[in-house]
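Since the structure comes first, as structure tokens, the remarks are kept for the end.
The values are calculated or read from the model by the stated rules, or taken from the named source; none is laboratory data. All figures in this text were calculated on a predicted structure; none of them were measured in a lab. Ideal geometry is used to build each Cβ from the backbone, glycine not excepted, and the neighbour counts take in all protein chains shown.
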Amino acid sequence: MIFSAPALMRALTLVAACSALLATAHAADRKPDAVIKTKSIEARVFLDDKVKVDAALAADCLIEGKKWIDKNAAEAAASRKEDPQFFRDGGWDFERKYAVRSVVADRYVSILRNDYMDTHGAHPNSDVNTVLWDKAENKRISIRPFFAETADNGAAMKAMVKAVIASLKIEKKKRDTSETATDEWFKSVEPSLLKIGAVTLAPSTDAGKSSGLTFHYPPYAVGPYAEGEYVAFVPWETLKPYLSAEGTRIFGGARPKGDADEPQ
């Protein structure tokens, strides 16, 4: 059977719509891995299936997630006690999701931790952070082992900041938001492991390798709320002069086509 171009487009659109509905339904049926539901708040934590494959990693994320919902439940209860009218339309709504972004050298697992928070303000808020997990040691680590030195204001950190800001400027140009590509908005990106931004190992076209670092910024971090989240990519070639032996081992290849366009 041969379809005309308009008919084919309608069919493809219908297939896409059905797929989206099925995906939404599947997500709605999924049970949280931790939950609190009171008059003051409903807070949930989800671990994706790739996180659950590693029992130690899953347990670590779940412990952190439970502390997060307990803390926010206490704050919601206190806020409700102080001002019950603020909760007349219902309690706060919080959600945290842990998802695997990459696995490098069958050892280093990069996790994205995305938070959603609705406290009945002008708009809901969101946050993004990351976890770098060492499967061999069963613990969280930083990117420090991949570099010869990572001292605050050192050569490696300054090179990273320069590359991050260059990447953010390119992304802002793509979004037609170049007017906020200013030192004022970038001042929070500092040459320090603790202040440069939440980082993950980017996937690579070379199996088992990382193509570089991706830095993840929530709304307000490097631009107004309306601009949403930003992801800055620093290719491993930029980092090459500063790599340790382990960094040289795990980095290589190129960023996969489309990685920058996918949710990270």
Check your understanding: Got at least one residue in segment 171-186 being more than 23 Å from Asp127 (Cβ to Cβ), in contact with a Lys or Arg (Cβ under 9 Å, 6 or more places away or on another chain), outside any loop (DSSP other than H, G, I, E, B) and assigned by TED's automatic domain parsing to the domain that holds Gly252?
Key -> yes
Study note, to complete from the structure: Scanning segment 121-130 for residues that are over 19 Å from Phe233 (Cβ atoms) and either touching a Leu at 6+ places or on another chain (Cβ under 6 Å) or surrounded by 15 or more Cβ atoms within 10 Å (Cβ to Cβ) (or both) gives Asn125, Ser126, Asp127
Check your understanding: Quick check, is Cys18 in a helix (DSSP H, G or I) and either closer than 30 Å to Thr205 by Cα or modelled with pLDDT of 95 or more (or both)?
Key -> no
Exercise for review: List every residue pair whose Cβ atoms lie under 6 Å apart, where the two residues are 6 or more positions apart in sequence or sit on different chains, the first residue falls within segment 205-227 and is in contact (Cβ under 8 Å) with a residue 12 or more places away in the chain, and the second residue, located anywhere, is charged (D, E, K, R).
Suggested key: Ser211/Arg255; Pro218/Asp127; Pro218/Glu229
Study note, to complete from the structure: Within segment 147-181, the residues that are under 23 Å from Arg249 (Cβ atoms) and in contact with a helix residue (DSSP H, G or I) (Cβ under 8 Å, 6 or more places away or on another chain) are Phe147, Ala148, Glu149, Thr150, Ala151, Ala155, Ala156, Ala159, Met160, Ala163
Exercise for review: Kindly indicate whether any position in segment 102-110 is closer than 19 Å to Gly228 by Cα, of a type outside the set (Phe, Trp, Tyr) and either within 19 Å of the chain's Cα centre (by Cα) or part of a helix (DSSP H, G or I) (or both).
Suggested key: no
Exercise for review: Kindly check whether there is at least one residue in segment 170-184 that is surrounded by fewer than 20 Cβ atoms within 10 Å (Cβ to Cβ) and under 24 Å from Tyr108 (Cα atoms).
Suggested key: no
Study note, to complete from the structure: If we keep only residues of segment 156-169 that are surrounded by 20 or more Cβ atoms within 10 Å (Cβ to Cβ) and without any contact (Cβ under 8 Å) to a residue 60 or more places away in the chain, then the residue farthest from Gly228 (Cα to Cα) is Met157
Review point. Going by the conditions given, is Ala43 in a helix (DSSP H, G or I), farther than 26 Å from Val231 by Cα and either among the aliphatic types (A, V, I, L, M) or more than 20 Å from the chain's Cα centre (by Cα) (or both)?
Key: no
Exercise for review: Could you give me the residue pairs with C-beta distances under 7 Å whose first residue belongs to segment 70-82 and is free of Cβ contacts under 8 Å to residues at least 60 places away in the same chain, whose second residue is of a type in the set (A, V, I, L, M) wherever it lies, and which are 6+ apart or on separate chains?
Suggested key: Asn72/Ile41; Asn72/Ala43; Ala73/Ile36; Ala73/Ile41; Ala73/Ala43; Ala76/Ile41
Practice item. Keeping to segment 214-244, report how many residues are among the hydrophobic types (A, V, I, L, M, F, W, C), over 15 Å from Ala202 (Cα atoms) and surrounded by 22 or more Cβ atoms within 10 Å (Cβ to Cβ). Key: 1
Check your understanding: Filtering segment 37-51 down to residues that are more than 16 Å from Asp89 (Cβ to Cβ) and of a type in the set (Asp, Glu), which residue is surrounded by the most Cβ atoms within 10 Å (Cβ to Cβ)?
Key -> Asp48
Revision key, fill the gap. Pairs returned, first residue in segment 245-260 that is under 11 Å from Ser211 (Cβ atoms), second residue that is among the β-branched types (Val, Ile, Thr) and part of a helix (DSSP H, G or I), beta-carbon separation under 8 angstrom, 6 or more apart or interchain, are none
